[in-house]
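The values are calculated or read from the model by the stated rules, or taken from the named source; none is laboratory data. Keep in mind that what you see is a predicted model, and the values were worked out from it rather than measured. Here the Cβ positions follow ideal geometry from the backbone for every residue, glycine too, while neighbour counts run over all protein chains shown. Accessible surface areas use protein heavy atoms only, side chains included; no ligands, DNA or RNA. Shrake-Rupley method; radii C 1.70, N 1.55, O 1.52, S 1.80 Å.
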Amino acid sequence: MYVKLKKKYGQNFLIDENIANKIVDLINFKKLKILEIGPGDGRLTDKIISKNPKKLELIEIDKDLTKILKEKFKNNKLINVINKNILKHEINDNYDLVISNLPYNISSQVLVKLSIMDNAPNEMILMFQKEFAAKLLENRLNSINSIVKCFFKIQLKFHVSKNCYRPIPKIDSSVLKFEKLNKCLLKKNEIDNFIKFKRYLFSYKRKSLKNLLKKYEINSNINLDIRAESLELKMLIKIFKEINF
Ligand code: SAH
């Protein structure tokens with residue numbers, strides 16, 4: 001079935017079968033409850049099915065693609081197709097795994113949403129633009145990795161050339177795997193304030209901590225002459241808890 005591509009939804013379809021196989025080979029277990037965000041016309045979905053999930057939910061914003069997906073999978077009882085914007089969709093179910101070739105313009109928002117939610121999945125396999133992936137993987141702290149790493153361990157799996165997509169995007173991608181930490185570094189009631197705190201620090205990232213936090217009293221023995229980016233995440237959280245931001 002022919003459907004007109006919609007640029008506003010960041011539609012770049014993965015046409016390389018080998019890469020699609022490599023992505024789903026990152027799924028280590030059978031019988032998982034899986035959520036796929038932005039399945040497009042379901043080409044990665046076909047591969048996910050071969051990994052024997054217990055349940056597979058697809059959330060797709062595009063009405064036309066949703067119709068195609070519903071038709072394509074109408075005889076497959078494991079699959080549930082939902083026509084929604086992931087950013088507005090309240091995720092109530094517990095998924096073992098979230099998998100997505102995410103539209104680039106919403107990467108950051110979706111990733112934060114998935115990371116901080118109560119019922120965050122155990123694992124996520126996500127594709128991002130290479131530059132965004134590099135920011136997540138960086139040793140230095142930044143505005144995005146400082147929040148995601150409170151909940152997930154992030155690993156680079158492989159890079160994907162932009163030529164593997166149609167239409168061809170401007171930039172190559174990277175596939176990352178996220179594994180939930182046994183113990184999250186933030187409590188539920190600390191998350192919102194931590195987000196404000198790290199946002200404040202990283203919007204003045206050239207300034208030293210001493211300068212940025214001068215109105216707070218900090219007792220512990222932490223060198224504040226450095227910038228936030230040079231801290232270890234645990235130290236950043238220690239300061240956050242101490243000053244009660
Ligand atoms: N997974 C497919 C398509 C990737 S393109 C593949 O790998 O080939 C990104 C997909 O995300 C498109 O189908 C697009 O319509 C969908 N999408 C974009 N924004 C979305 C949103 N906010 N919520 C849900 N799906 C979205």
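Rounded to the nearest Å, what's the spacing between the alpha carbon centres of the stretch 127-195 and the stretch 17-52? Just the number, please.
Comparing the Cα centres of the stretch 127-195 and the stretch 17-52, I get a distance of 19 Å.
Which residue, Phe197, Phe128, Phe178, tops the fluctuation ranking in a GNM of the chain built on C-alpha contacts under 10 Å?
Phe197
Once neighbouring chains are kept in place and the probe is 1.4 Å, which whole percent of the accessible area of the chain is contributed by carbon and sulfur?
Result for the chain: 48 percent of the exposed heavy-atom area is carbon or sulfur.
Check each of the GluC sites (Glu not before Pro) in the stretch 71-127 and keep only those in coil by DSSP with at most 12 other C-beta atoms within 10 angstrom; list them in order.
In loop regions of the stretch 71-127 (DSSP not H, G, I, E or B), the sparsely surrounded GluC sites (Glu not before Pro) are Glu90.
For the chain, modelled as a Gaussian network with Cα springs under 10 Å, which listed residue fluctuates most, Arg206, Arg43, Arg166?
Checking each option, the largest mean-square fluctuation is seen for Arg206.
For the chain, build the charge dipole from Cβ charges (+1 Lys, Arg; -1 Asp, Glu) around the Cα centre, then report which of Ile226, Ile99, Phe132 sits farthest towards its positive end.
Ile226
With a ≥ b ≥ c the root eigenvalues of the C-alpha gyration tensor of the stretch 162-245, is it rounded (a/c under 1.5), prolate (a/b larger than b/c) or oblate?
It is prolate, given that a/c is not under 1.5 and a/b is the larger ratio.
How big is the Kirkwood radius of the chain, worked out from every pair of different alpha carbons and given in Å to one decimal?
19.4
Quick check: from the Cα gyration tensor, does the stretch 29-109 come out rounded (a/c under 1.5), prolate or oblate?
Verdict is oblate for the stretch 29-109.
What helices in the chain pass both tests, a Cα length along the helix axis of 27 Å or more and a mean Kyte hydropathy of -0.5 or higher, using whole DSSP H runs?
Helices meeting the span and hydropathy rule in the chain: none at all.
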